[in-house]
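The next block holds one structure in the form of structure tokens; read it before the comments.
The values are calculated or read from the model by the stated rules, or taken from the named source; none is laboratory data. Computed from a predicted structure; not experimentally measured. Because the Cβ atoms are built from the backbone with ideal geometry, glycine has one as well, and the counts that use them run over all protein chains shown.
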Amino acid sequence: MRVPFAYLDRQFADLEPYFADLRALVASSDFTLGQVVDAFETRLAATLGLPHAVGVGTGTDALALALEAAGVQRGDRVITCAQTFIATVGAIVQVGAIPVLVDSEDGFVIDCERLEAALQPGTTAILPVHYTGNLADMPTIMAFAERHGLLVVEDACQAIGGGIGALPAGSWGVAAGLSFHPLKNINVWGDAGAVVTREQTVRDRLRLLRNHGLANRDEVVIFGRNCRLDSLQAVVGLRLVDELHRINDRRIEIAARYDEAFSNVDGIRVPVRRPGVRHVYHLYMLRVERRDALLAHLNAEGIEAKIHYPRPLHLQPAFERFGYRAGDFPNSEADAACIITLPAHQHLTDQEIAYTIETVRAFYGKAD
Ligand SMILES: *Cc1c(COP(=O)(O)O)cnc(C)c1O
């Protein structure tokens, strides 16, 4: 059996509805922002229960523009988590700010007990990452930010539709970035992203920033960039956004099955799941013994497990100028050697899930 990590062929097996919408778009020639982008933004905001969404070119753009719109300036220090996808730190660097990394904790999100020690002169903001689809501890982070007068922007690229209690990802900070990259929970046919915010003034600033600072065809208010949401991608996104909660529910169901199957296996550590958190499992990650052997075994058995990621960010060549060393972030470094990601997407069949469970358990000597 083959258990694929990517599922776009399954998701887009029936292209006709998309092609019909795309034909209508081409007929309208409404290619730069326009009606379909408006419709996507409105639908996205309503689905998430947030007042405003602004479509942009990528999730990375979303984070950079959110930081800029929130008021982060060149030379500011911005706290974020050491364990994340590079784009989080890339967005901080893109706006000319200096990233200050903080180690991750058991749930692969920023360890709030280490926040205080990370404060330095010039720290103006914190960019928590809802990594893997798990929510960072936002109540604690907001209290910390308030005590120290810091802006908060959320990296919700992996946690669209997630939340804590009744509060969705993206509802705490000044703004939050979302990604619709082909591998994210809501995915288009290339790159796309959005910023969500509760504040109308921030929304208005984002609309300027993404489109050359143009208030209209003839009036340039500020210097912006060109990182509009592509209307073609908005067409695809508009069809998928209604599926969000169903997609996440299925991922949560699969994760619960995995958690149960692996919780009593020697050699596997299932992360602690915080009650009240809607973790949407963009990545289903475990900590395991003999990780590389398990990975090779699963791949040989047709199960496309992956490592996110084998090399900690702060030890990458691009980070040299920040002066980090091996040993600076012990949790993130230990994770790099023992984490594994199993396919857990909404297009897996029950047989594929059962086969994955059986194969992993058998590797650790558990017969069913
Ligand atoms: C995907 C991702 C991004 C960036 O999104 P792109 O759309 O690929 O630019 C940022 N942060 C995290 C945590 C992500 O997973």
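Below, the figures for the structure above:
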read-out	value
Verdict on Ala27 being over 26 Å from the mean Cα position of the chain (by Cα) and more than 15 Å from Ile186 (Cα to Cα)	yes
Residues of segment 319-335 satisfying the condition of being among the small types (Gly, Ala, Ser) and either closer than 22 Å to Ala6 by Cβ or in contact (Cβ under 8 Å) with a residue 40 or more places away in the chain (or both)	Ser332
Candidates Ala215, Ala194, filtered to the one that is at negative phi, within 15 Å of the ligand (Cβ to nearest atom) and not basic (Lys, Arg)	Ala194
Some residue of segment 345-356 being of a type outside the set (S, T, N, Q), within 21 Å of Ala87 (Cβ to Cβ) and crowded, with 16+ Cβ neighbours inside 10 Å	yes
Residue selected from segment 161-191 under the condition surrounded by 24 or more Cβ atoms within 10 Å (Cβ to Cβ) and among the aliphatic types (A, V, I, L, M), by the criterion farthest from the ligand (Cβ to nearest atom)	Ala175
Boolean, Met142 is more than 13 Å from the ligand (Cβ to nearest atom), closer than 19 Å to Ser171 by Cα and surrounded by 22 or more Cβ atoms within 10 Å (Cβ to Cβ)	no
Qualifying position, being at pLDDT 95 or above and not in a loop (DSSP other than H, G, I, E, B), among Asp266, Asp249	Asp249
Number of the exception - Tyr131 against (1) over 26 Å from Ile339 (Cβ atoms); (2) in contact (Cβ under 8 Å) with a residue 12 or more places away in the chain; (3) out of contact with any helix residue (DSSP H, G or I) (no Cβ under 8 Å at 6 or more places or on another chain)	(1)
Qualifying residue in segment 287-295 (condition: in contact with a Ser or Thr (Cβ under 8 Å, 6 or more places away or on another chain) and either of a type in the set (Ser, Thr, Tyr) or closer than 21 Å to Pro4 by Cα (or both))	no
Segment 336-355 residues that are at positive phi, paired with ones that are among the basic types (Lys, Arg) and surrounded by fewer than 19 Cβ atoms within 10 Å (Cβ to Cβ) (beta carbon under 8 Å, 6 or more apart)	none
